[in-house]
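A.B. asks: Have a look at this one before I ask anything.
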Amino acid sequence: MGRNDETDTWRGVGGDTKPEQRADGKSGSFDVSGSTHDESFRLESSPPGDNAVSGDEEATKELQQENSCDEDEEGHLIYHVGLVLKERYEVVSTLGAGAFGRVVECTDRESGERVAVKIVRNIDCFRRAAKSEIAVLEEINGLDDDNIFACVRMLDWFDHDGHVCIVLELLGLSTFEFLRQNRFLPFDVEQIRHMAFQLFRAVCFLHRNKLTHTDLKPENILLVSSDWDLEYDGETRCNHKKLRRLDVKVVDFGTATFDHEHHESLVSTRHYRAPEVILDLGWNQSCDVWSLGCVLMEFYLGRILFLTHDSMEHLAMMEKVLGPIPPHLLKQTRKQHYVLNERLNWDEQSSLDQSIRKHCRPLKLMARKNDEERQLFDLLGCMLEYDVCRRITLEEALWHPFFNPIRDRQRQDKQRS
Ligand code: NR9
C-alpha cells in the first residue's frame, strides 16, 4: 500500500477525549476537545511504518482481544484514577491523548514525586515507535548528565499488558495548548527569543549526536511550568496570561531518526513539513530547522503559518511567503505532478490563489517595527530557505545576532560569579 499523506500517516485527535481537570487544580490537558470543529487540523503524527492502518489494526485487535479486557477497540489501555502501574505509579489524572496513546499524571509511590506516564497503544507500529523512543531517550539523556539540553528526561519504562509505558518528568502545558488557552495571542519577541534559544540548543544537541527529531511542532514543545499571571493590556483593554517562566523542553522522540537508520520518505506533521520532504528529495537534520522556523512564525503570529491540508496548496503558500521555489529543486523531484514548465503547477489566477494570498503575506513585508523584529525575521528567512544546502544550521543559528542579548547576559553572569 502506498503512503497517502492525507489518510495514512496523520490522524486527527481530540474528537474522542475530554479534557480533564488536573488534581492540583491547574488545567493540564493536552487535547483540543471543545474545539474539534475549528481545530481538527491539529494532528498527531503516527510512527513510521504505519501505512496500512486499518488492515494492521484489525489484525492486531483480533489477536489481542482475548488477552486483555482492559483495552478499547483502538488499543488504548482503559484505566481509571487510582490504577497502579508496575506496583509503583498511581494514576492521578489524564494529561493528554495522541495517536500514540495517552499521557497520564501519576504519583511515584517510591519517591512521592509526580511524573508523567506515556501509555502507548497496544498496536505493533506504536509499540515499535515506543521502543525506538526509549532507545533514543536513553542515548540522549545519557549524553546530558547535567541536564542542560532541553530534552525531556525519561525516568523509567516498562510493559503493562502489551502497552509500553514510558515514565517521564512532569512538565507543564504544551506551547500550543498555552496559546490556545490564551486566545491565540502571540508571544512577544523577547519571549520568542528565550524559547528559541533553548529549543535550538536542544535540537542542535540532537543533530550533533546524529539524530533528527522529524516532528517538531508546538504540541511537542512543552513548558517546564505553565504558571502564569493575569496582565492587563491598556491598548487592547484585554487581559491576557503572562507566563512566569519561559523554559521549554522537547518531547516525543518516537520518530527521531539516527543518520544510519532508514529514513521514511514522509515525515513531520504537515504544517511543519519541509519542502524537500514534500518534494521527496530526501531529508536530513535541516528538516528540523524548517519545522522550527514554522514554529517560531506561529509563536509570532499566534496562528499556523501554512494552514492547509493539501501539498500542492502548501507549496503555493510557501511561494507567496518566500518567493518562487528554485527550478533546480523542481527539476529533481520525483513528484512531477507538482511541476509544469519548470515552475509550480499552480494557477495564479484561480480563486484558491486569491484566498491564500490573504493569509500568506511575503516574509519581506511582514511587520518589522524595530531592530529586534528585523533580526528575528532575518533569522526566520535563513531557516525557511528552500535549498537545504543554503539553509542555516542550528549551530550557526545560535550565533545569529538575534541571540546577542542572551549571550551578553550569559557573559555578564559568568563575570559576576
Ligand atoms: C511528557 C509528555 C507529556 C511530559 C508531560 C506531558 N508532562 C506534563 C504532559 C504533561 C510527553 C509527550 C510525548 N508526546 C506528546 S506529549 O511524548 N505529544 C504531544 C501531545 S499529547 C496529546 C496531544 C499532543
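A.B. asks: Please give the number of the condition MET318 fails out of (1) touching a residue at least 60 places away in the same chain (Cβ under 8 Å); (2) open to solvent by 90 Å² or more (accessible area, probe 1.4 Å); (3) assigned to a helix (DSSP H, G or I).
C.D. replies: All conditions pass for MET318, except number (2).
A.B. asks: What are the residues in the range 202-213 that are open to solvent by 10 Å² or more (accessible area, probe 1.4 Å) and assigned to a loop (DSSP other than H, G, I, E, B), if any?
C.D. replies: Result: ASN209, LYS210.
A.B. asks: Same structure, new question: Take ASP233 and decide whether it is more than 15 Å from LEU185 (Cβ to Cβ) and not aliphatic (A, V, I, L, M).
C.D. replies: Answer is no for this residue.
A.B. asks: Considering only the range 254-274, state which residues are part of a loop (DSSP other than H, G, I, E, B) and away from the ligand (no atom under 16 Å from the Cβ).
C.D. replies: Selection gives ASP259, HIS260, GLU261, HIS262, HIS263, GLU264, SER265, LEU266, ARG273, ALA274.
A.B. asks: Name the strands (runs of 3 or more DSSP E) wholly inside the range 62-146 in which the number of residues that are open to solvent by 80 Å² or more (accessible area, probe 1.4 Å) is 3 or more. Step through it out loud before you land on a result.
C.D. replies: Values: elements: 89-98, 101-108, 114-120.
No strands (runs of 3 or more DSSP E) qualify here.
A.B. asks: Among the residues of the range 326-336, is there at least one that is open to solvent by 100 Å² or more (accessible area, probe 1.4 Å) and outside any helix (DSSP H, G or I)?
C.D. replies: Within the range 326-336, one or more residues are open to solvent by 100 Å² or more (accessible area, probe 1.4 Å) and outside any helix (DSSP H, G or I).
A.B. asks: Related question: Please find, among LEU199, LEU171, LEU216, the residue that is open to solvent by less than 40 Å² (accessible area, probe 1.4 Å), within 29 Å of SER265 (Cβ to Cβ) and assigned to a loop (DSSP other than H, G, I, E, B).
C.D. replies: Going through LEU199, LEU171, LEU216 in turn, just one is open to solvent by less than 40 Å² (accessible area, probe 1.4 Å), within 29 Å of SER265 (Cβ to Cβ) and assigned to a loop (DSSP other than H, G, I, E, B): LEU216.
A.B. asks: Could we say that LEU296 is in contact with a Leu (Cβ under 8 Å, 6 or more places away or on another chain) and within 25 Å of GLN191 (Cα to Cα) here?
C.D. replies: Taking the combined requirement at face value, the residue satisfies it.
A.B. asks: I've got another one for you. Do we find that ASP229 is modelled with pLDDT of 95 or more and part of a loop (DSSP other than H, G, I, E, B) in this structure?
C.D. replies: So ASP229 fails the test.
A.B. asks: Just need a number here: residues in the range 103-133 that are more than 8 Å from the ligand (Cβ to nearest atom) and either among the charged types (D, E, K, R) or touching a strand residue (DSSP E or B) at 6+ places or on another chain (Cβ under 7 Å) (or both).
C.D. replies: Matching residues across the range 103-133 total 20.
Each row is one residue, and each column tells you yes or no for (1) β-branched (Val, Ile, Thr); (2) open to solvent by 10 Å² or more (accessible area, probe 1.4 Å); (3) more than 15 Å from the ligand (Cβ to nearest atom); (4) in contact (Cβ under 8 Å) with a residue 12 or more places away in the chain.
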site: SER225; (1), (2), (3), (4): no, yes, no, yes
site: ASP252; (1), (2), (3), (4): no, yes, no, yes
site: GLU276; (1), (2), (3), (4): no, no, yes, yes
site: ASP280; (1), (2), (3), (4): no, yes, yes, yes
site: ASN284; (1), (2), (3), (4): no, yes, yes, yes
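A.B. asks: Going by the structure shown, is ARG180 under 17 Å from SER286 (Cα atoms), assigned to a helix (DSSP H, G or I) and open to solvent by 10 Å² or more (accessible area, probe 1.4 Å)?
C.D. replies: no
A.B. asks: Consider the range 306-315. How many of its residues are outside any helix (DSSP H, G or I) and in contact with a helix residue (DSSP H, G or I) (Cβ under 6 Å, 6 or more places away or on another chain)?
C.D. replies: 2
A.B. asks: Still on this structure: Residue check: is ARG390 within 30 Å of LEU206 (Cα to Cα) and in contact (Cβ under 8 Å) with a residue 12 or more places away in the chain?
C.D. replies: no
A.B. asks: I would also like to ask the following. Among the numbered criteria (1) closer than 19 Å to THR255 by Cα; (2) aliphatic (A, V, I, L, M); (3) modelled with pLDDT under 95, which one does ALA59 miss?
C.D. replies: (1)
A.B. asks: I'm told LYS241 meets every condition in (1) modelled with pLDDT of 95 or more; (2) open to solvent by 50 Å² or more (accessible area, probe 1.4 Å); (3) more than 24 Å from ILE392 (Cα to Cα); (4) not aliphatic (A, V, I, L, M) except one. Can you identify the failing condition by its number?
C.D. replies: (2)
A.B. asks: Now for a separate question. Of the numbered conditions (1) in contact (Cβ under 8 Å) with a residue 12 or more places away in the chain; (2) open to solvent by 50 Å² or more (accessible area, probe 1.4 Å), PHE403 fails exactly one; give the number of that condition.
C.D. replies: The failed condition is (2).
A.B. asks: Which one is farthest from GLU261 (Cα to Cα), of the residues in the range 147-156 that are open to solvent by 10 Å² or more (accessible area, probe 1.4 Å) and within 12 Å of the ligand (Cβ to nearest atom)?
C.D. replies: Restricting to residues being open to solvent by 10 Å² or more (accessible area, probe 1.4 Å) and within 12 Å of the ligand (Cβ to nearest atom), the top hit is LEU155.
The values are calculated or read from the model by the stated rules, or taken from the named source; none is laboratory data. These numbers come from a predicted model, not from an experiment. Glycine also receives a Cβ, built like all others from the backbone with ideal geometry; neighbour counts cover every protein chain displayed. These area figures cover heavy atoms from the full protein model, side chains too; ligands, DNA and RNA do not enter into them. Shrake-Rupley method; radii C 1.70, N 1.55, O 1.52, S 1.80 Å.
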